[in-house]
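One structure below.
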Amino acid sequence: MQYLAWLFRIEYLMRIPLLPLTIVLVVLAGLVLLMSQPETRLAPVWAIAAGAAADTAAEPASNLSGVAELQPTAAAPTFTIAEGNRPYVPILMYHYVRYVDKGSDPLGFSLSVTPEQLTAQLDWLQRNGYETVRMDVVGACIGGAGPCPARAVALTFDDGYMDAYTTALPLLQRYGFTATFYIVSDFVGRPGYMGWNELAALRDAGMEIGAHSVSHPDLTTLDLNGLRDQVGRSRDVLAANLGIPIVSFCYPGGKFNDTVAAVTQESGFLSATTTMQEGPQNDLFRLPRLRIYGDMSQPGFEASIRAYMP
Ligand SMILES: [Zn+2]
């Protein structure tokens, strides 16, 4: 009997006009959802999440939010550039300009931009009024002791790979830009690295040659003599072979400590760059740089520059 009573109740419920009620509820829910969307929202939630999870796919110039594009390859700066620290000169860090297969060489891929990526980046910088300054004048530029373009940016290329000469140099010249090339003095002329002729060509094209140690060790592990040798001799060898003063240094692997910074300064360099992604530019021997990754999209590149200099 209980079972029959239950069935009866179901039968009774089924007579309520469920279909029209459902339609009304769905329409109401839809309206609530629509009204809750901010007008500024540019991309569906799933797209932002996908962008944040992996910025790997070659994204077209889409309307994804800049923040999503920046992750995980380049976080927007989280410090505030104090008025006293202006002008701020974004210092961009490059290594290779070449094609690399991401699957077989993920590290090489992340250290490389393609010629097309670099072209698009330089093109955008030029169209938006950015002017390049070499590292030998960045200190004066920041400190107000020398001329400094309103929208100054410094381009740096580490390690002295041959594609700096074959690929980066012609692109820089096309846009009338200069850059600083940090050279490991013992690596000059090795397979895959520029020789003295290529370095002389960079010099003659108005590029700056900076030092990046003698053999690219972790400078924080060396005793004082070893440290002075790596810093001072790299400068002396480059200066002697190229006939120019070498005044800009870059810590190999970004590794430095107070002693390394002090020895670099005592050796007569004007500045030293690190691999710190962000920070104030109030110490010329601890200058942060913005790493330009192989999988950085063009909107991501633009957003990270704009974060420093809107
Ligand atoms: Zn290096």
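Where a number appears in this text, it was derived from the coordinates with a stated rule and is not lab data. This is a predicted model, so every value here is computed, not measured. As a convention, Cβ positions derive from the backbone with ideal geometry for all residues, glycine included, and neighbour counts pool all protein chains shown.
Shape analysis of the stretch 222-274 places it in the prolate category; the axes a ≥ b ≥ c from the Cα gyration tensor give an a/c of at least 1.5, with a/b above b/c. In this structure the amide hydrogen of residue 209, modeled in the peptide plane, comes within under 5 Å of the amide hydrogens of 181, none closer than 5 places in sequence on its chain.
So if we plug the beta-carbon distance of residue 162 and residue 262 into 1/(1 + (r/R0)^6) with R0 = 45 Å, what FRET efficiency do we get, rounded to 0.05?
0.85
Annotation: the residues 95, 216, sorted from fewest to most other C-beta atoms within 10 Å of their own C-beta, follow the order 216, 95.
Taking a ≥ b ≥ c as the square roots of the eigenvalues of the Cα gyration tensor, an a/c ratio of 1.5 or more together with a/b no larger than b/c marks the stretch 176-294 as oblate. Taking the charge dipole of the stretch 73-308 about its Cα centre, with +1 at Lys and Arg Cβ atoms and -1 at Asp and Glu Cβ atoms, the residue from 267, 222, 135 reaching farthest to the positive side is 135.
Determine, for 222, 284, 199, the number of other Cβ atoms within 10 Å of each Cβ, and report the residues in order from fewest to most. Please report the intermediate quantities before stating the final value.
Working: 222 18, 284 21, 199 24.
Taking fewest neighbouring Cβ atoms as first place, the list is 222, 284, 199.
Classified by the C-alpha gyration tensor, the stretch 73-308 has a rounded form. Its axis ratio a/c, with a ≥ b ≥ c, is below 1.5.
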